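Asker: Pasting a structure below so you can have a look.
The values are calculated or read from the model by the stated rules, or taken from the named source; none is laboratory data. Note that this is a predicted model, so its numbers are computed, not measured. Note: ideal-geometry Cβ built from the backbone for every residue, glycine included; neighbour counts use all protein chains shown.
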Amino acid sequence: MEGKDPQAQYALGLKYLKGDGYEGDPFLGGYLIQKAAEQGVIDALFISAGLWRQGLGLPQNFSESIRQYQRAAEQRSRSRQYELALCFTDGKLVGKELSQAAKWFEEAAKQGHNRSPVFHGSCLR
């Protein structure tokens, strides 16, 4: 699977995760999605962040989860920026970092994410 089309790796990884047309295999699904994430597929970055967070198909690793969320947010995906900001507000993956949360809520709001301005304001209080 090395060097293959990252979008195809991502799509196939999802099929293995869900058991959609294939026998479900979360480890192969996680592996393929992570390979696509390493090649910059935004949705794969986001899904792999969740897999790392939950320990589903990949070993549970909160720092890797945050790293993947950040990589997705840096690709200027407003929904991924919003999700990263939530991670910094809930303190479950990392300690509460309201300045980081405010930064990512603001970035998402600049790109038109409609719920971000509300949360952004609450981080600045």
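Asker: Any residue in the stretch 34-41 that is within 17 Å of Ser79 (Cβ to Cβ) and buried (at least 17 other Cβ atoms within 10 Å of the Cβ)? Walk me through how you get there before you give the answer.
Answerer: Residues of the stretch 34-41 within 17 Å of Ser79 (Cβ to Cβ): 37, 40-41.
Checking which are buried (at least 17 other Cβ atoms within 10 Å of the Cβ) leaves us with 37, 41.
So far as the stretch 34-41 goes, yes, one or more of its residues are within 17 Å of Ser79 (Cβ to Cβ) and buried (at least 17 other Cβ atoms within 10 Å of the Cβ).
Asker: Still on this model: For residues that are closer than 25 Å to Leu86 by Cβ and among the hydrophobic types (A, V, I, L, M, F, W, C), tally how many sit in the stretch 1-46.
Answerer: The qualifying residues number 10.
Asker: Continuing with this model, one more query. Which count do you get for residues in the stretch 99-125 that are surrounded by fewer than 16 Cβ atoms within 10 Å (Cβ to Cβ) and modelled with pLDDT of 80 or more? Show your work before the answer.
Answerer: Initially, the stretch 99-125 is screened for residues surrounded by fewer than 16 Cβ atoms within 10 Å (Cβ to Cβ), giving 99, 110-112, 114-115, 117-118, 121-122, 124-125.
Within this subset, residues satisfying the condition of being modelled with pLDDT of 80 or more are 99, 110-112.
Matching residues across the stretch 99-125 total 4.
Asker: Any chance you could count how many residues in the stretch 5-40 are in contact with a helix residue (DSSP H, G or I) (Cβ under 8 Å, 6 or more places away or on another chain), in a loop (DSSP other than H, G, I, E, B) and over 19 Å from Leu56 (Cα atoms)?
Answerer: Result for the stretch 5-40: 3.
Asker: Further question: Name the pairs whose Cβ atoms lie under 8 Å apart, with the first residue in the stretch 64-86 and buried (at least 24 other Cβ atoms within 10 Å of the Cβ), the second assigned to a helix (DSSP H, G or I) and among the polar types (S, T, N, Q), and 6 or more positions between them or separate chains?
Answerer: The qualifying pairs are Gln68/Ser48; Ala73/Gln81; Gln81/Ser116; Leu84/Gln70; Ala85/Gln100; Ala85/Ser116.
Asker: Looking at (1) surrounded by fewer than 22 Cβ atoms within 10 Å (Cβ to Cβ); (2) within 11 Å of the chain's Cα centre (by Cα), which is the one condition that is false for Ala44?
Answerer: (1)
Asker: So which residues in the stretch 54-106 are closer than 30 Å to Gly19 by Cα, among the charged types (D, E, K, R) and in contact with an Asp or Glu (Cβ under 8 Å, 6 or more places away or on another chain)? Before the answer, list the steps.
Answerer: First, the residues of the stretch 54-106 that are closer than 30 Å to Gly19 by Cα: 54-73, 75, 77-84, 86-87, 92-93.
Subset that is among the charged types (D, E, K, R): 64, 67, 71, 78, 80, 83, 92.
Hit for the stretch 54-106 is Arg78, nothing else.
Asker: Do we find a residue being farther than 19 Å from Tyr10 by Cβ and either assigned to a helix (DSSP H, G or I) or touching a His at 6+ places or on another chain (Cβ under 9 Å) (or both) anywhere in the stretch 46-63? Talk me through it step by step, then tell me what you get.
Answerer: In the first step, residues of the stretch 46-63 are kept if they are farther than 19 Å from Tyr10 by Cβ; the result is 55, 59-63.
Still in the list and also either assigned to a helix (DSSP H, G or I) or touching a His at 6+ places or on another chain (Cβ under 9 Å) (or both): 62-63.
Yes.
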